[in-house]
Amino acid sequence: MGGLSALDHLESADFEEFAAALAPDVVWVGLEPGQLCRNREQVVATFRRALESGKSGSPEVVAEAEGRIVVDPHVDPPSEEAPELHFVFVVEDDRIVEM
């Protein structure tokens, strides 16, 4: 990852930087049953679909401790199902392995 940590990539608020921080076998468990991604390609595709549908955001790292990074994505427009949505990223060896 070019010497940057997963936190550096998240703080950059750059989609390509975020994608670079994902482990190849990252797992993302969504809010609803069946919302599950099992690898980097699926996570990136899900985020790209959200971006293409007009969702945007300005991610803000709000906490970091013991391999966990909490991010407020500031999604615009906010999700009706989860207007206070936050992501928790689990990091190992400077890669995001779980979301």
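The figures follow:
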quantity: Percent RCO, i.e. relative contact order, over the chain, from Cα pairs under 8 Å lying at least 6 residues apart; calculated: 27
quantity: The chain: angle of helix 40-52 to the longest principal axis, Cα-based, in degrees nearest 10; calculated: 40
quantity: Cα-only radius of gyration and Dmax that characterise the chain, units Å; calculated: 12.7, 38
quantity: Extension gain, residue 81 back to residue 29 (0.36 nm per residue minus Cα-Cα distance, nm); calculated: 17.2 nm
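Only the coordinates and a few stated rules stand behind these numbers; no lab work does. All of these numbers come straight from a predicted model, not from anything done at the bench.
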